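Enquirer: Mind having a look at this structure? Questions to follow.
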Amino acid sequence: MNVIEQQNTAQFEVEAINRRDRQTPLYAARQKIHPKRAEGTFRRLKWLVMFVTLGIYYAAPWLRWDRGPYAPDQAILVDLYHRRFYFFFIEIWPQEFYYVAGLLVMAGVGLFLVTSSVGRAWCGYTCPQTVWVDLFLWVERFVEGDRNARIKLDAAPWSAAKVARRTVKHATWLAISVATGGAWIFYFADAPTLARDVVSGTAPGIAYMTIAVLTSTTYVLGGFMREQVCIYMCPWPRIQAAMLDENSLTVTYNDWRGEPRSRHAKKMAAEGRPIGDCVDCNACVVVCPMGIDIRDGQQLECITCALCIDACDGIMDKLGRERGLISYATLADYNRNMAIAAPAGTIDPTIARDGEGRLNSSFRKTTWRSILRYRTGLYFAVWALIGLVMLYALMHRSRLDINVLRDRNPVFVQLSDGSIRNGFTVKILNMMPEPRTIGISLDGLPAAQMTLADSSQGPSNLLFFEAEPDKLKVVKVFVRADPDILGNGSHDFSFVAQDMTGSETARYAAKFETGRNQ
Amino acid sequence: MSSKEIDAISGTETTGHEWDGIKELNTPLPRWWLWTFYITIIWALGYTIAYPAWPLISTNTKGLLGYSSRADVARELAAAEAGRASVLQRIAETDIAGIAADEELSRFAVAAGRSAFKVYCSQCHGSGAQGAPGYPNLNDDDWLWGGTLDDIFLTINHGVRFDADDDTRISEMPAFGRDELLEPGQISAVANFVLSLSGKDHDAAQVEEGKTVYAENCASCHGDDGTGLAEFGAPNLADAIWLYGDTMEAVVAQISGPQHGVMPAWGTRLGETTVKQLAVYVHSLGGGE
């Protein structure tokens, strides 16, 4: 119907949704996009990325990791109720949240690194919106057929067949959405247990609510809003645009070899009029999930999914021309090539190729080497440095900590023998998933002794406490000292916690107040 | 308006309103916005029917769901009360040593005792039980009436010198000066002797005479060595803690015309369970025997 056979290639009747000469003000109704299936290197890469990312998302909570009898055996677990985060061999307490902050810093620098080197690769390949829309499109194509069949179905009156196809499509979408929301909750509780509870209806309400919310967002964002999320809702395109420079990879229409484009290449050639490689078949527009025309130049809507490259390469292959009319290229290379092809300001196709139709060898092809630059090197160095520092900190962090809170009311108590007593609330943090005996001693307070409210130990300068695995132990410790020996005023000293079976120690600086002026 | 007027520059329809040659463009709200607005109106109507909303002259509409925030609070209080009931029952049934020995009961008793202390005791003893001149510090290890759990419980339960309670703690030190039982010189001497027991500033020349006066008049209650007797509520005079001050003036004043502190009997007012919790709390402050 709307495909015209010409020059061994199909010609598609399609227009970019954001054509400059047809731009409408805001509040325009959405023009539905029916992306055609693309085939090629980047499409295969995107299938692979989808397989890996979705695989990680769905499978990760089910991985097991043995931590002994006192900790959960789920490899990745955000245990909000007990305020613990488990990631394989790493366990993080809330006060160690700086590791997560460090990861966020790494993610930020990583964004700089990736964007300055390979452009909006995040948008095009790994963004959940892109991955899920791709998946939804795949379902749509499977059920309703490719672009033309879908356009036809959209226009067709409601019939039993249309209802059936639509039902199957939406049911599949909903199933994917439920699975998406369903997988999310497993990161927050023991996956097998929660799965049983969810199915039997005994899971907590928040689990069902989370599934419901994520189901609806997945269904609406992936099935209906699609490219509008990227164009109107997402701040990422704006932020990323600021990070690109003239050496970043972008999906580029190389008009220095494509223009002037013509739908009637043979006729033009016969007339002796010079033409470029672009046959204006619109294959690049018709496969675009964003519905844009890359030949209009770089634009905010382009998520650099590179499907137009695949489409155009296919056409070039059919025409027997060199690939890369649309390609990943840097702005610097593009400008350089443009200066060769258009010395007088307009593109002269006779410069671009020799008599046999081969491209001029002085054109520069962008290769992977473009990502090796001082800027990207610096980003990588910063990124790696943060990572190494965090790794070092993680490997050398203490799994025993102590916090001390002194009594302020009263600050000190005089005892009948003339000595002074200060009260302290001592918190022992046993961050190991095993029970430990922790000794608490005083350092820097001569002749001072500790007692407990229940008199079960002491007076002594070394007390022992059984710390439960992976728990906080709170004890009230009274410290008494003779100001005649110690001297008046306040005295700095330290509480020292020591693992009696291991070698770990932790200290906490405190003050002993005699209540007497110096 | 009969026909739509289109603004030539923006291509947008006008509302037809014109002020001094300036025409207003008609740019209506997006539809989703408009519909959200309508939905909120419908929601509001439904809400005022379902929940208490409209003020009337002396009352207000109650709403079909019968919701009331006061009833909510009452329900939550009752639930909290019910949650505590079993522990309180066990505290009521357990003797005080048993409470202190049980980890769960003692933790509960200390917490409950702390809040009861803030309400009933802190006015005299201070919010940290640190006391004040004339009001004993409960953190230290000096106890007028004994510092065991049972002693503390008995003191709180029946009070000190509280006439309305027959079992109240009573001690009455004679007013040796006011009632002229001792000469001023003797009082001065015995004061010097008492201060010498704990090494305070004193006149060493009077100590010998004071020792004799002490043995004849004071030792029967305060003990031969001045360490006091908790059974009589007689303070320890040989330690570092002085309820009414450790200066010569303060000690002479206390011998001449003693002050006697009074504490109400709390057993009848708060009930035995609360008094048990108070006793466990005070005992946990660090000085309990």
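Enquirer: What does DSSP give for chain B in terms of the percent of beta bridges that are antiparallel, rounded to the nearest 5?
Expert: 90
Enquirer: Describe numerically, in nm with one decimal, the distance between label points set 7 Å from Cα along Cα→Cβ at B:Y244 and at A:Y81.
Expert: Distance between label points: 6.1 nm.
Enquirer: While we're on this one: Rounding to the nearest 20 debye, state how big the charge dipole of the stretch B:1-132 is about its Cα centre with +1 on each Lys and Arg Cβ and -1 on each Asp and Glu Cβ.
Expert: The dipole of the stretch B:1-132 has a size of about 460 debye.
Enquirer: Here is a follow-up. How far is helix B:69-93 tilted, in degrees, relative to the longest principal axis of the Cα atoms in chain B, given as a value from 0 to 90 rounded to the nearest 10?
Expert: The angle comes out at about 30 degrees.
Enquirer: Right, next: To test your reading of the geometry: what angle, between 0 and 90 degrees and rounded to tens, separates the Cα axis of helix B:31-50 from the longest principal axis of chain B?
Expert: For B:31-50 against chain B, the angle is about 50 degrees.
Enquirer: In Å², nearest 100, what accessible area do chains B and A bury in total when the solvent probe is 1.4 Å?
Expert: So the total buried area for this chain pair works out to about 1100 Å².
Enquirer: Putting +1 on Lys and Arg Cβ atoms and -1 on Asp and Glu Cβ atoms, find which of A:S248, A:L462, B:F193 reaches farthest to the positive end of the dipole of the protein assembly as shown.
Expert: Farthest towards the positive end: A:S248.
Enquirer: What figure, in Å² to the nearest 10, do you get for the accessible area of A:K162 with a 1.4 Å probe and non-protein molecules left out?
Expert: For A:K162, solvent-accessible area is about 10 Å².
Enquirer: For A:S416, A:S216, what's the largest-to-smallest order of accessible area, 1.4 Å probe?
Expert: Solvent-accessible surface, decreasing: A:S216, A:S416.
Enquirer: Below 8 Å, C-alpha to C-alpha, sequence gap of six or more: please give me the relative contact order for the stretch A:41-240 in percent.
Expert: For the stretch A:41-240, the relative contact order is 21 percent.
Enquirer: Taking only protein heavy atoms and a 1.4 Å probe, what accessible area per residue, in Å², does chain A have with all protein chains in place?
Expert: It amounts to 52 Å² per residue over chain A.
Enquirer: Heavy-atom accessible area of A:F380 with all protein chains present, probe 1.4 Å, nearest 10 Å²?
Expert: 110
Enquirer: Label-point separation (nm) for B:E81 and B:T15, each offset 7 Å from Cα along Cα-to-Cβ?
Expert: Going from the B:E81 label point to the B:T15 one covers 5.9 nm.
Enquirer: Only four residue types carry charge here, +1 at the Cβ of Lys and Arg and -1 at the Cβ of Asp and Glu. Report the dipole size of the stretch A:369-431 about the Cα centre in Debye, rounded to the nearest 20.
Expert: For the stretch A:369-431, the charge dipole is close to 500 debye.
Enquirer: Counting only protein chains, not ligands or nucleic acids, how are B:C124, A:C308, A:C234 ordered by accessible area (probe 1.4 Å), most first?
Expert: Sorted descending by solvent-accessible area, the residues read B:C124, A:C234, A:C308.
Enquirer: While we're looking at this one, here's another question. Could you point to the residue in B:T212, B:L154, B:L285 farthest towards the positive end of the stretch B:149-289's charge dipole, with +1 and -1 charges on the Cβ of Lys/Arg and Asp/Glu respectively?
Expert: Selected residue: B:L285.
Enquirer: May I ask you to evaluate 6.51 cos²θ - 1.76 cosθ + 1.60, the Karplus curve with θ = phi - 60°, for each residue of the stretch A:433-444 and list the ³J(HN,Hα) values in order in whole Hz, giving x for glycine and proline?
Expert: Values per residue, Gly and Pro as x: x, 8, x, 9, 9, 10, x, 10, 9, 10, 10, x Hz.
Enquirer: Run the 1.4 Å probe and let me know the accessible area of B:R107, rounded to the nearest 10 Å².
Expert: 150
Enquirer: Need one number: nm distance between label points at A:A384 and A:T210, each 7 Å from Cα along Cα→Cβ, rounded to one decimal.
Expert: My value for the distance between the label points is 3.7 nm.
Enquirer: Taking 0.36 nm per residue of separation and subtracting the Cα-Cα distance, what length does fully extending B:W33 through B:D72 add?
Expert: 10.5 nm
Enquirer: Would you work out which of A:F188, A:F142, A:F97 lies farthest towards the positive end of the dipole of the stretch A:78-198, given +1 charges on the beta-carbon of Lys and Arg and -1 on that of Asp and Glu, about the Cα centre?
Expert: Result: A:F142.
Enquirer: Rounding to the nearest 10 and keeping the result within 0 to 90°, find how far the Cα-based axis of helix B:103-120 lies from the longest principal axis of chain B.
Expert: 90
Enquirer: If you rank A:T346, A:T366, A:T304 by how much accessible surface each has, with a 1.4 Å probe, what is the order from largest down?
Expert: Greatest to least solvent exposure: A:T346, A:T366, A:T304.
Enquirer: For chain A, what are the DSSP H helices with axial Cα length of 24 Å or more and mean Kyte-Doolittle hydropathy of at least -1.0?
Expert: Result, helices passing both filters: A:41-59, A:98-118, A:160-185, A:374-396.
The values are calculated or read from the model by the stated rules, or taken from the named source; none is laboratory data. Computed from a predicted structure; not experimentally measured. Don't worry about glycine lacking a Cβ; one is built from the backbone with ideal geometry, like all the others, and counts go over all protein chains shown. All accessible areas refer to the heavy atoms of the entire protein, side chains included, with ligands and DNA or RNA removed. Shrake-Rupley method; radii C 1.70, N 1.55, O 1.52, S 1.80 Å.
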